[in-house]
Amino acid sequence: MSVTPATRRRGDHGMTLVEILIALTLVAVVLLPVVIGLSQALFATAESTITGAATSIARDKMEEVKADARRPTFDFASLSSQPRVSADLKPGDSYFEVEVMVETVRPNDDRRSGLKKVAVSVYQAGTERPITTLTTHFTPTGI
């Protein structure tokens with residue numbers, strides 16, 4: 001016996017538009033927080049990667065300054081600020097800029113030896129707020 005539209009039972013009909021809309025609404029309510037959470041996780045990962053790279057650049061620059069200070073021919077008076085320059089992670093990359101600021105903290109202490117504060121800051125190119133800053137102090141006798 002074949003089923004014709006006239007002999008179809010009431011429960012055999014497909015889903016109504018209202019049922020489909022309710023199902024889509026429930027799916028959206030469940031998936032929306034998941035999508036928001038994933039996008040926030042991706043953003044946090046990107047920020048963490050940028051901060052890690054900037055910290056690595058700052059650490060490398062600070063080690064350069066310290067290595068210069070350890071040389072036997074190092075002149076404490078020559079320890080001075082360096083302007084912002086591009087700090088490439090790979091050739092051609094100009095995402096970061098590094099700056100070295102030297103400030104004399106105690107120019108006239110008891111021994112008249114002085115104390116200099118050295119701050120290495122890494123910026124995203126073209127911005128004014130540093131991503132990270134590392135600081136150390138130098139004396140004429142060493143770090």
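The values are calculated or read from the model by the stated rules, or taken from the named source; none is laboratory data. Computed from a prediction, not measured in an experiment: that's the story for all the values here. With ideal geometry, Cβ positions are generated from the backbone for all residues, glycine too; neighbour counts draw on all protein chains shown.
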- Message: Are there strands (runs of 3 or more DSSP E) fully within the range 81-143 with at least 2 residues that are of a type in the set (Val, Ile, Thr), modelled with pLDDT of 90 or more and over 18 Å from Ala67 (Cα atoms)? List them.
- Response: 130-138
- Task: Pick out the one residue from Ala77, Ala6, Ala69, Ala53 that is at pLDDT 90 or above and among the small types (Gly, Ala, Ser).
- Result: Ala53
- Would you check if Asp60 is charged (D, E, K, R), modelled with pLDDT of 90 or more and either part of a helix (DSSP H, G or I) or out of contact with any helix residue (DSSP H, G or I) (no Cβ under 8 Å at 6 or more places or on another chain) (or both)? yes
- Under 6 Å between Cβ atoms, at least 6 apart or on separate chains: pull out the pairs that start in the range 16-27 with a residue that is free of Cβ contacts under 8 Å to residues at least 40 places away in the same chain and end on any residue that is surrounded by 10 or more Cβ atoms within 10 Å (Cβ to Cβ). none
